[in-house]
Amino acid sequence: MRVPLSWLREYAPFGDDVDALAQTLDDLGLVVEGAERIGEGLGDVVVAEVVEIGPIEGADRIRRVVVDDGTRPVEVVCGAWNFAVGDRVPLAPVGSVLPGGFAIGRRKLRGVVSDGMLCSSRELALGDDHQGILVLAPDDDGERPAPGTPLLAALGLEADVVFDVAVEANRPDALCMTGVARDLAARLGLQLALPEPPPLAAAAVATGDADGLVAVESPDLCPRFAARVLTGVAVGPSPRWLARRLELAGMRPINNVVDASNYVMLELGQPTHPYDRDRLAGGRLEVRRARPGERIVTLDGVERVLGQPGPGLGDTGEDCVICDGSGAPVALGGVMGGASSEIGPETRTVLLEAAYFAPLAVARTAKRLGLRTEASVRFERGCDPEGIDRAVARLCELLALTAGPDFSVEPGATDVRGDVPRPARLRVRTGRVNALLGTGFSDEDVAGALAPLGMDVEAVEDGVLEVTVPTFRPDIRPAPHGEADVAEEVARASGYSLLPRTRPAWPQPGRLTARQRDRRRLREVACGLGAFEAWTSAFATPEEHALGGVTLDAVEVANPLAADERLLRASLVPGLVGALRYNEERRSSGLRLFEVGSVFAVAPDGGSGGVPVRTTERFALALAGPGDDAWSALAAWRVVADVLRVADWSVRHGVPGRPAPSPLHPFRSGVLTCRAAGRDLVEVGVVGELHPQVTASLGLSDASGRSIRVGWLDLDLDVLLEPGSLSRRPEQAVPVSRFPSSDVDLAFVVDETVPAAAVASTLLDAGGAELESVTLFDVYRGPSVPEGTRSLAYRVRLCALDHTLTDAELAELRASMIAAVESGHGASLR
Amino acid sequence: MTAPLDVDALVAEASAALASAGTTDEVRQVTTAALGKRSPLVAAHRSLGGLDPDERRALGRRLDDARRTLEAIADDRRRALEAAELEAALLAERLDLGEELPDRARSPLSRGALHLVTTTRDALEDTFVGMGFEVVEGPEVETDWYNFGALNIPPAHPARGMWDTFYLAVGEPETVLLRAHTSPVQVRLMEAAVAAGMSPIHAVMPGRCYRRDTPDARHLPVFHQVEGLVVDEGITFADLAGTIETFTTAYFGPEIHSRLRPAFFPFTEPSAEFEITCTLCRGTGCRTCSGTGWIELGGCGMVDPAVFDAVGIDGERWTGFAFGFGIDRCAQMRHQIADMRSLVENDVRFLRQF
């Protein structure tokens, strides 16, 4: 909201220190987002009369001009041609500094001395016009300003500052000049003087439709509706000062009736609506719910369909309409007037509406119709139902200035009152306020903070105050929650920056959970493997979803930002593949990337806690470096498993008939399974390579132009990192033998259908306690072994804790290992 | 005139040839022979002009049917063979991942980098852990109750406009959503504390949040927040201000301070925005801080009594404060990142700097 300082000063004698005022407003929570200085730098500019215009020899674009500045003739050189002898023009004398820091000095042009400058509107920061010099018009009486008059005085301007104040959503009272002034005056200890218009004669107050002026059918949507008839109205321009204030506040002056309504809204926060009564059928109003599908053309010329339930929770589609005597809607209550009864030059009789509309209903209507207006913003936050009388009287007072000799306010008033909010009364314990704030305020301190804000405070007993909250502060709730609201008022009154600061202490230690620590280590490991961490989109297109190969249904976003990205990602594949492509397109090739993040799917079991969505935290590592392939991914997994102490894992390879899941290479990838704490096998992820078709779509290729392989490790962190979910290597140290170890090399010819890991596992079991390690060191396929088999050569390291193994013991171990592999896998020693 | 064409025989013959085709090349050959420019089918088509109209129509239809039938069979066969050929090619490069030799994988000698948001989050977590906070996480998909209802923001309340929320097309409309802030974790934490017989809470809650903001230099629709919650006996607004100050100097450095100013949040009362000394100009005033020397970091306040009511905590005995701010914003400020979108582009030239 734009708040001119000159307007604020109407209500309290605020000082000149603009920065200090802005800081105080900030500290009150009325945050100043900017301060525009109007007329700054114009203090030295005076009105001058043009007395002589002459050419300058050798110059055809500039002229010599002599002006009278009220004291003496001044000679200047000017390049504008839009004025004549006798005109009044602004003169910036030598030594003055114009807006924007432009200093005027004595200059000599073509031998003529210029003792100042005649200014355009733009040079004075008063407008955009730079076509010529600003020529001052005669005033209403035809008088032209005297030479030497300060320019600002001649224009009826004051040097001013306009604050741009951001008002929080819970402070409707501060959406007006008097509201801002009230907070500021209270903090600065200044007396607040509200406008006190002469009360209107109220010979008879009708409270229903007795006089036929207003009938309210839906008091729940419109709890109070006051109406007045103004007759003999001459529609014309507003007084200059009033129009100027509206302009400073950012509103366009229209005519005296509309301006008075806007002025009162800006001054007191109460929106009103003037109708041309002669254009209302029956000259009367009716307030009711819009019927479903009913239409109205609002003042902005848009036809709007009413009474339609909105998409929001609890929005039943109720709109409050104001209708004329024929039942036709003429305004959207609390939001915007209709075009049909707009005030125009012909208007003679005004029916003035000043109402209190139910905040929630206005909020829903405004949101559903996408129609936020100055009125709706105020009504939806809660106007003061008791501010209506003052607003109406003030509007009549202002309108009387220009509405002509026949203007009068009809004595009869209609005021339909239903269930309007009443002043809240609550007990406030000083001790509780101090307990919330950490302060040591006395009862008097608390009362002293509240009273200037318009609250009525009464001491009930020691430490207990009875506070009556005015109806313009709907943000302060009744008891018991209101006590906290009052505490905030006390804190604001004394200034947040002046409240004490303490550092609380508690015995509980701060810490990360085991899962959080392990997740950090996992990231560090990936980093140590040369991978960069990516952060890719949580949203996916249907094509991207298909790429991820997840069989569960994708979760759809009801209101996506981009129509095609309407799904939540179910896999990290599309994101990382996209990131690889992005970098490839920017000639950053051979990358390794990883990501940790949530993936989503429609929960096949219906979900829990009212959320039918399954969220899983996953880790994915894409290895697209030179030479990277499934082996790299497997090595990466080995490091991860080692760091996380995963004790017992295996890979279920993709084989014909049971390929690895998409989007992986069906036969160069596998499913990683681990032994759960309960001894079952659980899947923790997949390891291998991306399917060549996926890689091809990336456009990744090596130096020789061949499509490259992308190693892929994809882990379910909800399984992998969850404490107690997997069997882990025990923490107890395993003693290391002090005796020499012996290596036994064993090569077996094994059928292709037998996984090498199974052979290793058999060796491990057969070697028993003496076996220290098994390492596969050679794989051979070729003419020396039968078709469909390969040779697997293992180095088995044997060692005993308490002695050096004898040749006999080694031979026995060797024999039993060979026997186990031959009988277990149909293999033969090579 | 040529002998009348036996269309059925032709179809039967070509189908058999297609069925026995072993490669996509063979399929192409058979198709060309049966349907190509020199095929009897095309020849028969050319000679249609010499027939009387009825005959022409009948034969024409039979020829078209035959073409369609054969094309469909050829397509099926081609697809099947392509799949089989791909499968064979993939199978040819099959690996037994158990055949892992010590030197199978290239061993990298370069380090990657953690994402800037991760390092920022870790550093924030470490600061708070040092101050005695636990680190707690919660779900990103939430119900309306946890994101709004329990936080004193009832359905259709205008305050919901403060968060432009992504709703999911599951269940009743606007009941399941992507959390718009980390505050739902507060609610879950308080509910858990109550269920456990009410124990004090001192926790920070980092995590990913979602709002329907069009991405620009300062906003991303997916972003990260960290939230703090302390519920204990005797906790005051002064404790909140002191905690924020301790955090500010600990994380940003001893010359960076904090200040609070009044604000509105439905779930705290009294509420405040907190600002810190501008990290760019160190408080002397610059363009980033609009000359004020301060920049806004986040919101905070005392837990609103309505929130305590919603989770069943006795607000007379327990008081608490909460605060929250953007992790990405912290990173942006600390590293002077001009455009927030750099964080999600994943350009390695950006990533490797941190």
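The values are calculated or read from the model by the stated rules, or taken from the named source; none is laboratory data. The structure displayed is predicted, hence computed values, not measured ones. Note that each Cβ is placed from the backbone with ideal geometry, even for glycine, and that neighbours are counted across all protein chains shown. These area figures cover heavy atoms from the full protein model, side chains too; ligands, DNA and RNA do not enter into them. Shrake-Rupley method; radii C 1.70, N 1.55, O 1.52, S 1.80 Å.
Computed from the Cβ-Cβ distance with R0 of 56 Å, the FRET efficiency linking B:Asp347 to A:Leu190 stands at 0.50. Here the Gaussian network model covers chain B, with springs between Cα atoms less than 10 Å apart; of B:Thr32, B:Thr249, B:Thr288, B:Thr32 fluctuates the most.
Roughly how many debye, to the nearest 20, is the charge dipole of chain A about its Cα centre, given +1 on each Lys and Arg Cβ, -1 on each Asp and Glu Cβ, and no other charges?
2040
In the elastic network of chain B, a GNM with C-alpha springs shorter than 10 Å, the most mobile of B:Glu93, B:Glu140, B:Glu245 is B:Glu93.
For chain A, the relative contact order comes to 8 percent (Cα pairs under 8 Å, sequence separation of at least 6). Taking only the C-alpha atoms of region B:116-351, the Rg (one decimal) and the largest Cα-Cα distance, Dmax (whole number), read 17.7, 55 Å.
Computed over region B:7-94, the P(r) curve from all C-alpha pair distances, binned at 5 Å from the origin, holds 3, 14, 22, 19, 14, 10, 8, 5, 3, 2, 1, 1, 0 percent per bin. Once backbone amide H atoms are built at 1.01 Å from N, A:Ala355 has A:Ala226 as its partners under 5 Å, excluding neighbours fewer than 5 places away on the same chain. Counting 0.36 nm for each residue step from A:Arg679 to A:Ala451 and taking away their Cα separation leaves a gain of 75.0 nm.
When only C-alpha pairs under 8 Å and at least 6 residues apart count, what is the relative contact order of region B:7-94, in percent?
37
For the residues B:Leu109, B:Leu220, B:Leu97, a GNM of chain B with alpha-carbon springs under 10 Å puts the largest fluctuation on B:Leu97. Given a 1.4 Å probe and no ligands, DNA or RNA in the count, how much accessible surface is buried by A and B, both sides, to the nearest 100 Å²? Looking at A and B, the buried total is near 9900 Å².
Averaging Cα coordinates gives a centre for region A:469-523 and one for region A:546-572; these two points are 38 Å apart.
Computed from phi, the 3J(HN,Hα) profile of region A:318-328 under the Karplus parametrisation 6.51, -1.76, 1.60 (θ = phi - 60°) reads 8, 10, 8, 10, 9, 10, 8, x, 8, x, 7 Hz, with x in place of Gly and Pro. Only helices enter the 222 nm calculation for chain A: every DSSP H run of n ≥ 4 contributes -39,500 (n - 2.57), and dividing by all residues gives -7500 deg cm²/dmol, rounded to 500.
Relative to its residue count, region A:323-405 spans a Cα convex hull of 123 Å³ per residue. A cut-off of 5 Å between modelled amide H atoms, ignoring neighbours fewer than 5 places along the same chain, links A:Arg614 with A:Ala601, A:Val602, A:Ala603.
Each residue of region A:32-43 was assigned a 3J(HN,Hα) from its phi angle through the Karplus curve 6.51 cos²θ - 1.76 cosθ + 1.60 (θ = phi - 60°); the sequence is 8, 8, x, 9, 9, 9, 9, x, 5, x, 9, x Hz, with glycine and proline shown as x. Using C-alpha pairs below 8 Å separated by at least 6 residues, the relative contact order for region A:639-689 is 30 percent. A:Asp642 exposes around 100 Å² of accessible area when a 1.4 Å probe is run over every protein chain in place.
The calculated FRET efficiency for A:Phe102 paired with A:Asp564, based on their beta-carbon distance and R0 = 41 Å, is about 0.20.
Against the main long axis of the alpha-carbon atoms of chain A, helix A:807-825 sits at an angle near 70°. Applied to region A:654-663, the Karplus parametrisation 6.51 cos²θ - 1.76 cosθ + 1.60 on θ = phi - 60° returns per-residue 3J(HN,Hα) values of x, 10, x, x, 9, x, 5, x, 5, x Hz, with x for Gly and Pro. Using the Cβ of A:Tyr11 as centre and a radius below 10 Å, the other residues enclosed give a net charge of 0, where K and R count +1 and D and E count -1. Projected onto their three principal axes, the Cα atoms of region A:492-542 cover extents of 54, 36, 21 Å, largest first. Applying 1/(1 + (r/R0)^6) with r as the Cβ-Cβ distance of A:Arg729 and B:Asp25 and R0 = 56 angstrom yields a FRET efficiency of 0.55.
Positive end of the dipole of chain A (Cβ unit charges, origin at the Cα centre): among A:Val428, A:Pro730, A:Thr414, the Cα lying farthest that way belongs to A:Pro730. In the protein assembly as shown, taking the dipole from charged Cβ atoms about the Cα centre, the farthest positive-side position among A:Val687, A:Leu306, A:Leu567 is held by A:Val687. Residues whose amide H comes within less than 5 Å of that of A:Val684, counting only those at least five positions distant or on another chain, are A:Leu672, A:Thr673, A:Cys674 (H built at 1.01 Å from N in the peptide plane). Let me know the shape class of region A:655-795, please: from the alpha-carbon gyration tensor, a ≥ b ≥ c as square roots of the eigenvalues, rounded when a/c is under 1.5, otherwise prolate if a/b is greater than b/c, or oblate. Here region A:655-795 falls in the oblate category. A dipole drawn for region B:7-94 from +1 and -1 charges on Cβ atoms has a positive end, and of B:Leu51, B:Thr24, B:Pro40 the residue lying farthest that way is B:Leu51. Hydrodynamic analysis of region A:179-278 uses the Kirkwood radius over alpha carbon pairs. Inserted into Stokes-Einstein at 10 °C and 1.306 mPa s, it gives a translational diffusion coefficient of 96 µm²/s. Rounded to the nearest 20, the size of the Cβ-charge dipole of region B:116-351 about its Cα centre is 780 debye, with Lys and Arg at +1 and Asp and Glu at -1.
For region B:7-94, the per residue solvent-accessible surface stands at 62 Å², with DNA, RNA and ligands left out and a 1.4 Å probe. Across the protein chains, with a 1.4 Å probe defining accessible surface, the residues A:Asp183, A:Asp300 rank A:Asp300, A:Asp183 from largest area downward. Within the accessible area of region B:116-351, the carbon and sulfur atoms contribute 50%, probe 1.4 Å, all protein chains present. Under 13 Å from a label point set 7 Å out along the Cα-to-Cβ vector of B:Asp309, no amide N atom of region A:406-441 is found. Measuring spread by the Cα atoms of region A:347-505 yields a radius of gyration and Dmax of 20.9, 74 Å.
Counting only the Cα atoms, the protein assembly as shown fills a convex hull of 307 Å³ per residue. All Cα-Cα separations within region A:88-205 were binned at 10 Å from zero, giving a P(r) of 10, 24, 21, 23, 15, 6, 1, 0, each value a whole percent of the pairs.
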